[in-house]
Amino acid sequence: MFSKEEAATLKKEFWTAFGKSFPRKWLLYDTKIKDLSFKFYADNKKAEVSLNIEMNDEVFRNAYFEKIQSLENLFLGEIPELFLDENFTLQNGKIISKIWVEKTGVSIFNKNTWRDIFEFFVENMDKMETLFLDYEDFIKDI
């Protein structure tokens, strides 16, 4: 176990090492669609790359999810292990729509798995961003 301070330091080292190893400008929040963003996530059990649709207006959230879901076969062609959940509940209880891929058996607290996480992040975020950008006009047309 790590103290809060040790855990915070390791997390900071992890994200700094990722940025230095793969210096690239990621799309992340720059989708030009409010409350639709790409995210990297890592904890003590897994790493995750996701596209989160976090609109409070359920009608808009569902409309964007349905647009992306209509492209599911294209996404699955690139990322076969992809999950889609129209009503994903965050730890804080907020319901979002989420499209994601995860890698288990890795940990942000184990430096020996960092390279695996970094490569997983780059490979999968690149695929998700490319698909999004290829179909951006279609997705935005709500």
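Read the figures in this text as sums done on the coordinates, not as results from a lab. The structure displayed is predicted, hence computed values, not measured ones. Backbone-built Cβ (ideal geometry, glycine too); neighbour counts: all protein chains shown.
Things worth noting here:
- Over all directions, the projected convex hull of the C-alpha atoms in the stretch 98-142 averages 3.9 nm² in area.
- Using alpha-carbon coordinates, inclination of helix 114-134 to the longest axis of the chain, degrees: 20 degrees
- Pairwise FRET efficiency - Tyr41 versus Asn62, Cβ, R0 = 35 Å, nearest 0.05: 0.90
- Modelled label reach - Phe2, point 7 Å along Cα→Cβ, the stretch 92-119 residues with backbone N closer than 13 Å: 107-114
- Pairwise centroid distance, computed over Cα atoms, of the stretch 42-93 with the stretch 100-123, Å: 19 Å
- Here the chain is treated with +1 on each Lys and Arg Cβ and -1 on each Asp and Glu Cβ, and its dipole about the Cα centre works out to around 660 debye.
- Relative to the longest principal axis of the Cα atoms of the chain, helix 58-69 runs at roughly 80 degrees.
- Take every Cα pair under 8 Å whose residues are at least 6 apart in sequence, average their separation, divide by the length of the chain, and the relative contact order is 26 percent.
- Across the chain, the volume of the C-alpha convex hull divided among the residues equals 116 Å³ per residue.
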